[in-house]
Amino acid sequence: VQLQASGGGLVQAGGSLRLSCADSRRTGSNYAIGWFRQAPGKEREFVAAISWSGGRTDYAESLKGRFTISRDNAKMTVYLQMNSLKPEDTAVYYCALSTRLWPGIQSAEYDYWGQGTLVTVSS
């Protein structure tokens with residue numbers, strides 16, 4: 001498994017970004033994927049997760065309604081659509097794959113991590 005996160009960048013508050021997480025070795029289609037983020041000086045925190053089928057999703061409570069996770073298994077890619085971005089969303093965003101049936105929100109339940117993509121939201 002080799003995960004590659006992309007799509008980060010600089011955006012103004014209120015704007016949108018779509019992050020992508022691609023499994024470049026095309027081995028992870030049957031596994032759940034999660035997104036996490038880490039802001040400067042803060043702990044890594046859960047953002048969202050999606051089951052291998054896409055039928056189950058979970059979000060950090062504070063992000064519900066603004067962020068949407070989805071996946072296209074034919075493209076081996078998971079997306080994170082982020083709308084109405086706020087300066088406090090500024091962070092490095094990581095995608096991660098779990099071999100567990102449903103890993104939930106704990107980062108320790110995820111086995112493979114991408115390199116991260118930086119999202120900066122200006123006020």
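When the range 42-55 is limited to residues that are at pLDDT 95 or above and in a loop (DSSP other than H, G, I, E, B), the one that is most open to solvent (accessible area, probe 1.4 Å) turns out to be Glu43. Would you call Ala5 in contact (Cβ under 8 Å) with a residue 60 or more places away in the chain and either open to solvent by less than 60 Å² (accessible area, probe 1.4 Å) or in contact with a Cys (Cβ under 9 Å, 6 or more places away or on another chain) (or both)? Taking the combined requirement at face value, the residue satisfies it.
The rows are residues; the columns are (1) modelled with pLDDT under 95; (2) in contact with a helix residue (DSSP H, G or I) (Cβ under 9 Å, 6 or more places away or on another chain); (3) over 17 Å from Leu17 (Cβ atoms).
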{"residue": "Phe36", "(1), (2), (3)": "no, yes, no"}
{"residue": "Ala39", "(1), (2), (3)": "no, yes, no"}
{"residue": "Ala60", "(1), (2), (3)": "no, no, no"}
{"residue": "Lys86", "(1), (2), (3)": "no, no, no"}
{"residue": "Ala91", "(1), (2), (3)": "no, no, no"}
{"residue": "Cys95", "(1), (2), (3)": "no, no, no"}
{"residue": "Tyr112", "(1), (2), (3)": "yes, no, yes"}
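Tell me yes or no: at least one residue of the range 20-36 is crowded, with 19+ Cβ neighbours inside 10 Å and basic (Lys, Arg). Checked the range 20-36: no residue is crowded, with 19+ Cβ neighbours inside 10 Å and basic (Lys, Arg).
Which ones in the range 58-70 are assigned to a strand (DSSP E or B) and open to solvent by 60 Å² or more (accessible area, probe 1.4 Å)? Passing the criteria: Lys64, Thr68. Filtering the range 84-108 to residues that are over 15 Å from the mean Cα position of the chain (by Cα) and of a type outside the set (Ser, Thr, Tyr) leaves Lys86, Pro87, Glu88, Arg100, Leu101, Trp102, Ala108.
Looking across Ser24, Ser62, one residue alone is free of Cβ contacts under 8 Å to residues at least 60 places away in the same chain and in contact with a Leu (Cβ under 8 Å, 6 or more places away or on another chain). It is Ser24. Return a yes/no flag: does the range 89-107 have any residue that is more than 27 Å from Leu10 (Cβ to Cβ), hydroxyl-bearing (Ser, Thr, Tyr) and either open to solvent by less than 60 Å² (accessible area, probe 1.4 Å) or without any contact (Cβ under 8 Å) to a residue 60 or more places away in the chain (or both). Taking every residue of the range 89-107 in turn, at least one turns out to be more than 27 Å from Leu10 (Cβ to Cβ), hydroxyl-bearing (Ser, Thr, Tyr) and either open to solvent by less than 60 Å² (accessible area, probe 1.4 Å) or without any contact (Cβ under 8 Å) to a residue 60 or more places away in the chain (or both).
Taking the criterion of being surrounded by 14 or more Cβ atoms within 10 Å (Cβ to Cβ) and either touching a strand residue (DSSP E or B) at 6+ places or on another chain (Cβ under 9 Å) or part of a helix (DSSP H, G or I) (or both), the residues of the range 71-88 that qualify are Arg71, Met76, Thr77, Val78, Tyr79, Leu80, Gln81, Met82, Leu85. Of all residues in the range 8-17, those satisfying the criterion of being within 17 Å of Ala48 (Cβ to Cβ) and surrounded by 14 or more Cβ atoms within 10 Å (Cβ to Cβ) are Gly8, Leu17.
The values are calculated or read from the model by the stated rules, or taken from the named source; none is laboratory data. Model, not experiment: these values are computed from the prediction. In this analysis, Cβ positions are derived from the backbone assuming ideal geometry, glycine residues included, and neighbour counts consider all displayed protein chains. To get the accessible areas, we keep the full protein, side chains included, count just its heavy atoms, and leave off ligands, DNA and RNA. Shrake-Rupley method; radii C 1.70, N 1.55, O 1.52, S 1.80 Å.
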